[in-house]
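The values are calculated or read from the model by the stated rules, or taken from the named source; none is laboratory data. Bear in mind the structure is a predicted one, so any value in this text is a computation, not a measurement. Every residue, glycine as well, gets a Cβ built from its backbone with ideal geometry; the counts of neighbours run over all protein chains shown.
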Amino acid sequence: MWIDQSLLQTSNTARYVREADKMGYMAVQPAQKALSDTSDELLDDTLGLLHRKALTILKRIRDGALDPETGKKVGPSYAISKAAALVGRTASAIREAERDGRLAARDRTASGHRVQYTLEELDHMRGVFGTRPWRAPEDPPAIISVSNFKGGVGKSTLALHLAQHFAIRGYRVLFIDCDSQASSTMMFGYRPDVDLGEDDTLYGHFHNPELLGVRSIIRKTHFFGLDLIPANLKLYNLEYEIAGYLAQNQSFDVIDLIAQAIDTVVDDYDVVVMDPPPALGMVSMAVLQAANAMVIPAPPSVIDFASTVSFIDMARTTMKQLEQLGGRIKPAYNFVRLVGSRVDDSKSMHREILAMMRQVFGGAMLNSVLKVSAEIDNASSRMKTVYELDKPVTSHEVHNRCMRFMGDVCHEIEQDVLRTWPSRAGQFA
Ligand SMILES: Nc1ncnc2c1ncn2[C@@H]1O[C@H](COP(=O)(O)OP(=O)(O)O)[C@@H](O)[C@H]1O
Ligand SMILES: [Mg+2]
């Protein structure tokens, strides 16, 4: 194992911070204990109270996203026509299979319609019809990082919808939440710092790799075909510990920790989606190292454009430095795509900057963009993605528009993935 276990004790964290700081690794320092004990208590009381109140609200919002009967989140289900399209057969082919016994006869609703089909049932149908889209063994799994420097540009939103898009279409997907703010983990129905311990995240895995193994921190989710490695605040400690390890060992192997974790389980998946933290710290570097493809959401504002440009530069130089220092060669990404995000068509400035981005980035930009949509905002405040809504939260028109652009963006990325699969070469000839 590449990590000296004695290095991975939380009690050592402070020392690592000091060492890492000396080496200039850390941008963030832990809060100084400058306040007197009395004001500490006051601070603790005030913040403690705010925290407790906030947790109550979070619980209420989260509970609202759960099914009242099962107390769990439920995945989507589809009427027969949509199910047929997703399975790659016609509705009459499904009806026929249900008549001739290849598929079980379908229960009806009170109004006489077939009960909707769940993702698990779609998977079963694909098994019966031979239409599972899984990669062939020689096809490289897509390991996609949805990255940018900044918070709030739509990374988690795109990462989640992308992962769900692939799962809905029958691919086997692993989502790794690498951000200690854990907003994606929340969308899977968890209160990250209440429901999950440090052993449940990548952090736990690196403390105890032999004991736990990556497989034991992978969870099934309410979305059939989409598995999760969750995150919570404790994951932030990984920043210190990687930095400390680097400082002490002068060895860059530790940057491969996420790559190695994925390596041990990736045979079970077609697509891995990583949601990295919004900064180029140690964990982000490990994510960039583990990925074989990158998608960069970039809102069309001057500030966000500037920050995207710095991100691209930083990512490039960091990878180069890692290559030089560690004597390692990181293979080129299979694809790197920028996607306009939070685009507001009604703003002329957005249109202009988007046009400029298209000129600058050319074919690396996706044709479709993620528009700003009340449907996304409203769904996420119910802790749902738009793919989890059984009816529009805004209007049908807004909902359908949102589903269309989200579908277009995800479809383009899916095509990028399929282009890297030799078994699909015929499709793109
Ligand atoms: N296209 C969009 N339209 C409306 N709201 C959006 C859109 N993209 C993201 N949001 C909202 O903005 C907030 C931040 O988005 P998020 O995906 O968490 O960003 P990041 O992961 O980059 O920090 C979330 O509340 C999300 O629901
Ligand atoms: Mg995020």
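Scanning the range 356-368 for residues that are surrounded by 12 or more Cβ atoms within 10 Å (Cβ to Cβ) and not in a helix (DSSP H, G or I) yields Met365, Leu366, Ser368. The C-beta contact set for the range 148-173 (first residue in contact (Cβ under 8 Å) with a residue 60 or more places away in the chain and within 16 Å of ligand 1 (Cβ to nearest atom), second residue in a helix (DSSP H, G or I) and small (Gly, Ala, Ser), distance under 6 angstrom, 6+ apart or interchain) comprises Phe149/Ser307; Lys150/Ser307; Ser156/Ser183; Ser156/Ser184; Leu160/Ser184. Of all residues in the range 126-162, those that are among the aliphatic types (A, V, I, L, M) and farther than 19 Å from Cys410 by Cβ total 2. Would you be able to say whether some residue in the range 408-421 is within 16 Å of ligand 2 (Cβ to nearest atom) and surrounded by 13 or more Cβ atoms within 10 Å (Cβ to Cβ)? No, the conditions are met nowhere in the range 408-421. Note on the range 288-314: residues that are closer than 15 Å to Val146 by Cα and assigned to a loop (DSSP other than H, G, I, E, B) amount to 3.
Consider Met285 carefully, then state whether it is in a helix (DSSP H, G or I) and either closer than 30 Å to Ser216 by Cα or within 14 Å of ligand 1 (Cβ to nearest atom) (or both). It is true that Met285 is in a helix (DSSP H, G or I) and either closer than 30 Å to Ser216 by Cα or within 14 Å of ligand 1 (Cβ to nearest atom) (or both). If you filter the range 128-147 down to residues that are within 16 Å of ligand 1 (Cβ to nearest atom) and among the β-branched types (Val, Ile, Thr), you find that the one that is surrounded by the most Cβ atoms within 10 Å (Cβ to Cβ) is Val146. The single residue among Arg342, Arg328 that is on the phi > 0 side of the Ramachandran plot and either in the same structural domain as Leu162 (by TED's automatic domain parsing) or touching a residue at least 24 places away in the same chain (Cβ under 8 Å) (or both) turns out to be Arg342.
You will find that of Thr109, Thr118, the residue that is farther than 21 Å from Gly281 by Cβ, among the hydroxyl-bearing types (Ser, Thr, Tyr) and surrounded by fewer than 16 Cβ atoms within 10 Å (Cβ to Cβ) is Thr109 and no other.
Pro331 falls short on exactly one of the conditions (1) of a type outside the set (Phe, Trp, Tyr); (2) out of contact with any strand residue (DSSP E or B) (no Cβ under 8 Å at 6 or more places or on another chain); (3) outside any loop (DSSP other than H, G, I, E, B), and that condition is (3). Counting residues in the range 180-196 that are closer than 22 Å to Arg382 by Cα, of a type outside the set (Phe, Trp, Tyr), crowded, with 23+ Cβ neighbours inside 10 Å and away from ligand 1 (no atom under 16 Å from the Cβ) gives zero. When Phe224 is tested against (1) part of a helix (DSSP H, G or I); (2) surrounded by fewer than 21 Cβ atoms within 10 Å (Cβ to Cβ), exactly one condition is not met: (1).
In the same structural domain as Cys410 (by TED's automatic domain parsing) and under 19 Å from Lys73 (Cα atoms) - does that describe any residue in the range 135-149? No, because not a single residue in the range 135-149 is in the same structural domain as Cys410 (by TED's automatic domain parsing) and under 19 Å from Lys73 (Cα atoms). Please count how many residues of the range 369-400 are part of a loop (DSSP other than H, G, I, E, B), touching an Asp or Glu at 6+ places or on another chain (Cβ under 9 Å) and closer than 17 Å to Lys155 by Cβ. So the answer is 2. Among the residues of this structure, Arg337 does not count as one that is part of a helix (DSSP H, G or I) and either free of Cβ contacts under 8 Å to residues at least 24 places away in the same chain or within 21 Å of the chain's Cα centre (by Cα) (or both). Within the range 252-276, the set of residues being among the aliphatic types (A, V, I, L, M) and more than 16 Å from ligand 1 (Cβ to nearest atom) comprises Val254, Ile255, Leu257, Ile258, Ala259, Ala261, Ile262, Val265, Val266, Val271, Val272. Checking the stated criteria, Ile353 turns out to be surrounded by 14 or more Cβ atoms within 10 Å (Cβ to Cβ), over 27 Å from Val266 (Cβ atoms) and of a type in the set (A, V, I, L, M, F, W, C).
Against the list (1) among the small types (Gly, Ala, Ser); (2) in contact (Cβ under 8 Å) with a residue 12 or more places away in the chain; (3) more than 16 Å from ligand 1 (Cβ to nearest atom), the condition Ala279 fails is (3). Can you confirm whether Ser184 is touching a residue at least 24 places away in the same chain (Cβ under 8 Å), within 16 Å of ligand 2 (Cβ to nearest atom) and outside any helix (DSSP H, G or I)? No. Of the residues making up the range 353-385, just one is within 8 Å of ligand 1 (Cβ to nearest atom) and free of Cβ contacts under 8 Å to residues at least 12 places away in the same chain, namely Asp377.
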